[in-house]
Amino acid sequence: MLKIGPYTFQSRLFLGTGKYEDAETQKEAVRESETEVLTFAVRRMNLFDESQPDPFESMNLEGFRLLPNTAGAKTAEEAVRIAKIASAADMCDMIKVEVIGCDKTLLPDPVETIRASEILLEEGFTVLPYTSDDVVLAKRLQDLGVHAIMPGASPIGTGLGIINPYNLSHIIEQAYVPVIVDAGIGSPKDAVQAMELGADGILLNTAVSGAEHPVKMAAAMKHAMEAGRLGFEAGRVEKKYYAQASSPMEGLSRL
Amino acid sequence: MVLTINGIKKEMPEETTTIHKLLDHLQLGNKKAVVERNGMIIKKEEQEQEPVKEGDSLEIVHFVGGG
């Protein structure tokens, strides 16, 4: 069971709601993934052009914990503003602090992320900062009192998987709050790897919404998470340099 | 009266004197929208009383898919 702040979850998979081809596919994918946490973004309404489709209009959000992100923010103040907007609409069980500092890599701005997290913690939010795979930054964030840390596997939307498993392992090893691997997961293999490394959960979006068959991929991710987690709990064998026979060497019948 | 709504200057009818009336006029009455007036969030339960005046800047935001 996963516990973040006051909430407990059976599923360790958090699902983003961006870039689905249509609302029906999204709904099916969410159902298939068995996720309990949905993320979304806050944006200006497009009032004077044709109205944008509302991805939540046809979706019953009851039974989900809502994790809005502060995407679009480049400063702590902007992130705090977005968090307060989500909170004012009762759409904010937890807040994903996402303050981008580089347009090309969409990597987070560490200084603004720390500042935003600090302010939001003071305001009583359940705070989950999106961070890079920097080991020290993750430590500083959890020392602030955030409720989980969300290191990226690789830059948002790249699907490159875990590009620095070494750093990620260190983040996980030293963490005393849950570690949710966020961003960059491309395939079920990546999800298994993250969970085998000991991650407490994964947040992904494009890997499902951008797959050829999003609903199938949602199911694949669910199973990958379970397999990886079980593998972690089971404890894998050590890697050895030389072969070691699996069959006994004694009692060989000589021809 | 002229209001700035989501960064666009718009002429609104004189009778849109409250946030609630403005949302109705924009046909957003039943949508999950959050309104900021001049940088301050107006809570849903306050929308009926909170006035809208000439020159006010309003941000009307909602929730979209994202990760």
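A:S33 is checked against (1) touching a residue at least 60 places away in the same chain (Cβ under 8 Å); (2) away from every other protein chain (no Cβ under 14 Å) and fails just one. What number does that condition carry? Here A:S33 meets the rest and fails (2). Any residue in the range A:93-102 that is open to solvent by less than 20 Å² (accessible area, probe 1.4 Å) and at the interface with another protein chain (Cβ under 10 Å from one of its Cβ atoms)? Scanning the range A:93-102, I find at least one residue that is open to solvent by less than 20 Å² (accessible area, probe 1.4 Å) and at the interface with another protein chain (Cβ under 10 Å from one of its Cβ atoms), so the answer is yes.
Only one of A:G63, A:G18 is at positive phi, assigned to a loop (DSSP other than H, G, I, E, B) and of a type outside the set (D, E, K, R); which? Outline the logic, then answer.
Working: A:G18 fails: at positive phi.
It is A:G63.
Yes/no matrix, rows are residues, columns are (1) open to solvent by 50 Å² or more (accessible area, probe 1.4 Å); (2) farther than 21 Å from A:G210 by Cα; (3) touching a Gly at 6+ places or on another chain (Cβ under 7 Å):
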residue	(1), (2), (3)
A:E28	yes, no, no
A:S33	no, no, no
A:A41	no, no, yes
A:N46	yes, yes, no
A:A71	no, no, yes
A:E77	yes, yes, no
A:R81	yes, yes, no
A:I85	no, yes, no
A:A89	no, yes, no
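Report whether or not A:A148 is crowded, with 22+ Cβ neighbours inside 10 Å, in contact with a helix residue (DSSP H, G or I) (Cβ under 8 Å, 6 or more places away or on another chain) and aliphatic (A, V, I, L, M).
Working: crowded, with 22+ Cβ neighbours inside 10 Å: yes; in contact with a helix residue (DSSP H, G or I) (Cβ under 8 Å, 6 or more places away or on another chain): no; aliphatic (A, V, I, L, M): yes.
The answer is no for A:A148.
Can you confirm whether the range B:9-24 contains a residue that is under 26 Å from A:G16 (Cβ atoms), at pLDDT 90 or above and either under 10 Å from the mean Cα position of the chain (by Cα) or not β-branched (V, I, T) (or both)? No: zero hits. Scan the range B:10-30 residue by residue and report those that are surrounded by 17 or more Cβ atoms within 10 Å (Cβ to Cβ) and within 12 Å of chain A (Cβ to nearest Cβ). Correct list: B:M12, B:L22, B:L23, B:L26, B:L28.
Look through A:L128, A:L168 and report the one residue that is more than 22 Å from A:F9 (Cα to Cα) and open to solvent by less than 10 Å² (accessible area, probe 1.4 Å). None of the others qualify; the one that does is A:L168.
What are the residues in the range A:21-45 that are among the hydrophobic types (A, V, I, L, M, F, W, C), within 17 Å of the chain's Cα centre (by Cα) and not in a strand (DSSP E or B), if any? Hits for the range A:21-45 are A:A29, A:V30.
Just checking, how many residues over the range B:31-63 are free of Cβ contacts under 8 Å to residues at least 40 places away in the same chain, assigned to a loop (DSSP other than H, G, I, E, B), open to solvent by 60 Å² or more (accessible area, probe 1.4 Å) and more than 9 Å from every other protein chain (Cβ to nearest Cβ)? Matching residues across the range B:31-63 total 3. Residues in the range A:195-217 that are in contact (Cβ under 8 Å) with a residue 12 or more places away in the chain, open to solvent by less than 30 Å² (accessible area, probe 1.4 Å) and either over 14 Å from the mean Cα position of the chain (by Cα) or more than 20 Å from A:I156 (Cα to Cα) (or both): A:G198, A:S209, A:P214.
The values are calculated or read from the model by the stated rules, or taken from the named source; none is laboratory data. All values reported here derive from a predicted model rather than from experimental measurement. Positions of Cβ are backbone-derived with ideal geometry, glycine not excepted, and every protein chain shown enters the neighbour counts. Note: accessible area is taken over every heavy atom of the protein model, side chains too, but ligands, DNA and RNA are not part of it. Shrake-Rupley method; radii C 1.70, N 1.55, O 1.52, S 1.80 Å.
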